[in-house]
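Below is one structure, written out as structure tokens; the observations come after it.
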Amino acid sequence: MKEDALRGKMGFVRGQTALGRRGRAGASTRLDTRHIHYATSPWWPHTLVAADAGRGQVLVRGALPLLYEKGRVMKIIKAKDYEDMSRKAANIISAQVILKPDCVLGLATGSTPIGAYKQLAAWYEKGDVDFAEVSTYNLDEYRGLSHDDPQSYHYFMRENFFDHINIDLNNTYVPDGSNPDAAAACSEYDKIVAAAGYPDLQLLGIGNNGHIGFNEPDDHFSKGTHCVDLTESTIQANSRLFDSIDDVPRQAYTMGTQTIMYARMILVVANGEAKAQAVHDMCYGPVTPACPASILQLHTNCVVVADEAALSLCE
Ligand code: F6R
């Protein structure tokens, strides 16, 4: 779609931002950031629209004034260490629950959020936060594991969080990895997440290769829940939690990138030097599916809480 047509469709085209310009150096992908333009919409004059002018596709909408801090949208909070990162993240999550007791939380597994879950459980014990009305939707699950398998994310969530707070387990959802019918399991999960109205807050970790959920580097951004083949680097990284690398499942069901972007707020947690490149690329690299987390630059309410080591390449 030409700029003129875009103008007609969405109002005044404001031209490329630093994001778009950075994209020129980026890899050639189906979402070619050379064509990303930002525009205000005639229907929502205070709204930012990012559109792929080449394909006439509207990608995201959000609040224009949020392009703050050197023209960037992401809010980056530096934590001293893992404990500090966990406490800061838990503070943000508990504020969400206090402000909206029946909120929808999108949750992640992995090593990074465990400290935040522990802190939230401690605050629940003290009576500071109440999860009775909260519902939760996890990002992903290994394909082929039963809910009671100690390596499953169903099990992980109970062990690390749900068993320590007063959440109603009937209000907790994780993709059904035990369903061998991938198409059915994924479309069922999409319906469940859509019916909940999408998360008020989505907690994310980030893979060493920039994955979010199990959305691995690719040539396009994914949409809804789908079955993925895990990359060798992810299998390698996750093998630390299994007896042997051969035990790591090769496939998973994961919420898609588009669904993740529907969350009203995104909170990314990251710690350690191994994440430094991925965190840099997420925050400052081109928006490209080669680093799935880079799409978060287009989210209008994304907070990154990372320790000094994870932010070491961002100085
Ligand atoms: C897990 C998930 C993954 C992890 C990522 C980082 O639900 O969605 O994207 O967040 O692999 O894992 P850790 O925290 O173990 O480094």
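Please state which one of Lys118, Lys126, Lys88 is among the basic types (Lys, Arg), crowded, with 20+ Cβ neighbours inside 10 Å and either farther than 19 Å from Met255 by Cβ or within 16 Å of the ligand (Cβ to nearest atom) (or both).
Working: Lys118 fails: crowded, with 20+ Cβ neighbours inside 10 Å; Lys126 fails: crowded, with 20+ Cβ neighbours inside 10 Å.
On inspection, the qualifying residue turns out to be Lys88.
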So, in the stretch 101-115, exactly how many residues are within 16 Å of the ligand (Cβ to nearest atom) and either outside any helix (DSSP H, G or I) or under 19 Å from Arg264 (Cβ atoms) (or both)?
9
On the basis of being without any contact (Cβ under 8 Å) to a residue 24 or more places away in the chain and either part of a helix (DSSP H, G or I) or within 16 Å of the ligand (Cβ to nearest atom) (or both), does Glu159 make the cut?
yes
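Any residue in the stretch 88-100 that is under 30 Å from Ser187 (Cα atoms), part of a loop (DSSP other than H, G, I, E, B) and either at pLDDT 95 or above or not assigned by TED's automatic domain parsing to the domain that holds Asn271 (or both)? Break it down into steps so the answer makes sense when it comes.
Step one: filter the stretch 88-100 for residues under 30 Å from Ser187 (Cα atoms), giving 93, 96-97, 100.
Now drop any that are not part of a loop (DSSP other than H, G, I, E, B), which leaves 100.
Now narrow it down to the ones that are either at pLDDT 95 or above or not assigned by TED's automatic domain parsing to the domain that holds Asn271 (or both): 100.
Checked the stretch 88-100: at least one residue is under 30 Å from Ser187 (Cα atoms), part of a loop (DSSP other than H, G, I, E, B) and either at pLDDT 95 or above or not assigned by TED's automatic domain parsing to the domain that holds Asn271 (or both).
For the stretch 217-315, please list each of the helices (runs of 4 or more DSSP H) lying entirely inside it that holds at least 2 residues being away from the ligand (no atom under 12 Å from the Cβ) and either buried (at least 21 other Cβ atoms within 10 Å of the Cβ) or on the phi < 0 side of the Ramachandran plot (or both). Spell out how you get there, then give the answer.
Values: elements: 232-238, 257-261, 276-284.
Hits in the stretch 217-315: 257-261, 276-284.
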Looking at Asp190, Asp181, Asp148, which is the one that is away from the ligand (no atom under 14 Å from the Cβ) and within 17 Å of the chain's Cα centre (by Cα)?
Asp190
Could you check, for the stretch 140-148, whether at least one of its residues is modelled with pLDDT of 95 or more, part of a strand (DSSP E or B) and among the hydroxyl-bearing types (Ser, Thr, Tyr)?
yes
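The values are calculated or read from the model by the stated rules, or taken from the named source; none is laboratory data. Computed from a predicted model, the values in this text were never measured in an experiment. Positions of Cβ are backbone-derived with ideal geometry, glycine not excepted, and every protein chain shown enters the neighbour counts.
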